[in-house]
Amino acid sequence: MFTPKYSITDQLLANITRINNLIRDSNDRRFPKVVLVEFEKTAREVSSYASTSIEGNPLPLTEVKKVLKSRPDTIRDSEKEVLNYNQALENLNQLLQSNKLELSLKLILDIHKQVTDKLLPSHESGKLRQNPVVVNDPRTGKVMYLPPDAKKVNDLITALITFINENSQKIDSLILAGIFHKQMVIIHPFMDGNGRTTRLATKVLLAKMGLNTFNLFSFENYYNQNVTKYFQTVGEYGDYNELEKSVDFTKWLEYFTGGLIDELLRVQKLLPKLGNTPDTRLEDHHIKILEFIKQNGFISDRDYAKLTDRAKATRTMDFQKLLDLGLIERKGKGRSTHYMLKMT
């Protein structure tokens, strides 16, 4: 039986309250589909970059975006890692939308198989490890943690899944997701790909609990900003057999929820402040502009004039409204002036 040790501190309680308020605010706002599509695409790019970067992938975000856009046939392992992670994000999000996703050992193994496809031998990809592993300090290269014996892994991960599922209506969902994340790292169930698999499975848990990080933001981005702190907080030091009864999840849960707040606030600044007031409401002609940019990459006044019979002065006002809402940005000058979606 898995019984995690943790305390509901004032900080943890405050974080959970803040997250719920931020989620409520986000859910109360409505955005045009074209805007959401762009943000979902950006969130996948950032997640694919950050989660693989945490594990040492050298590709910068600009290169990750190029790889995801071109999807080359001949690729290096670093590019394959990014493509695998992005594909897993897309697959899991589709399953979530069809309401066919439940936390299970099969799901975790499927996720691992996706992120390690053609990166690990077939007998290790999507399979629990059968051999011992060690966790080294990325700064010194010295062994800092000895995970549980391979023969214990299946029982440990099964106990974790059972704990999460049986307490879904009893324990706050954010606490459950945080406990799952850290315990997966402690168990270290695979020969490689543990971090990527854990972060994806945690995203599934959060989405099932009402916080869908597949759509608009990337909590992986927060961890990647300070990888050392992430490893120090989520991981343990020593031998699992000696630490098993003493692991306390409290500090990690504070850090985990703090990271969600950080990302929610970051994305909140990027999202256009749209609502149902006359100043913020988008009309059909505004949507036409956004849809045209989505399909063509940019729009000029000349393009817009072909889409509508609105006068030039009125068209200028339409562009200005989208500029004021932070949806688009102006590029070029004079006759070369054009508009693109604003993503940062």
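Each value in this text was obtained by applying a stated rule to the coordinates, not by laboratory testing. Remember, it's a predicted structure, so these values are computed and weren't measured experimentally. Quick reminder, even Gly has a Cβ in these numbers, built from the backbone with ideal geometry, and neighbours come from all protein chains shown.
Here are a few things to note about the model shown:
- Lysine pair count for segment 108-242 with Cα-Cα distance under 25 Å and sequence separation of 8 or more or different chains is 26.
- Helix 312-324 and the long axis of the chain differ in direction by around 20°, with both axes built from C-alpha atoms.
- Counting neighbouring Cβ atoms within 10 Å and putting the fewest first, the residues Thr17, Thr250, Thr3 line up as Thr3, Thr17, Thr250.
- Ranked list, fewest to most other Cβ atoms within 10 Å of each Cβ, for Asp155, Asp284: Asp284, Asp155
- Using the average count of surrounding beta-carbon atoms within 10 Å as a protection proxy, the listed peptides 195-206, 93-104 rank, highest first, as 195-206, 93-104.
- Backbone amide hydrogens, once placed in the peptide plane, bring Tyr145 within less than 5 Å of Val135, Gly238, excluding anything fewer than 5 places away on its chain.
- Packing here is the average count of other Cβ atoms within 10 Å per residue, and on that basis the peptides 118-131, 219-232, highest first, run 219-232, 118-131.
- For the pair segment 216-237 / segment 243-257, the C-alpha centres are spaced 14 Å from each other.
- For trypsin sites (Lys or Arg not before Pro), the sites in segment 1-99 that DSSP calls loop and that have at most 15 other Cβ atoms within 10 Å are Arg29, Arg30, Arg76.
- Partners for Lys312 among lysines (Cα-Cα distance below 30 Å; same-chain residues under 8 apart left out): Lys33, Lys273, Lys288, Lys294, Lys321, Lys331, Lys333, Lys342
- Here the Karplus relation 6.51 cos²θ - 1.76 cosθ + 1.60, evaluated at θ = phi - 60°, turns the backbone of segment 253-265 into coupling constants of 4, 5, 5, 4, 6, x, x, 5, 4, 4, 6, 4, 5 Hz, with x for every Gly and Pro.
- Cα gyration tensor shape for segment 1-147, rounded if a/c is under 1.5, else prolate or oblate: oblate
- Cα shape, segment 72-230, gyration tensor, a/c 1.5 rule: rounded
- Residues Met184, Met340 arranged by fewest to most Cβ contacts within 10 Å: Met340, Met184
- Here's how it looks for Tyr6: its modeled amide H is under 5 Å from those of Phe249, which are all 5 or more places away or on a different chain.
- Which labelled figure in (i) 75, 49, 38; (ii) 61, 46, 34; (iii) 66, 48, 38 is Cα extents along the principal axes in Å, once derived from the coordinates: (i)
- Among beta bridges from DSSP that stay inside the chain, the antiparallel ones total about 70%.
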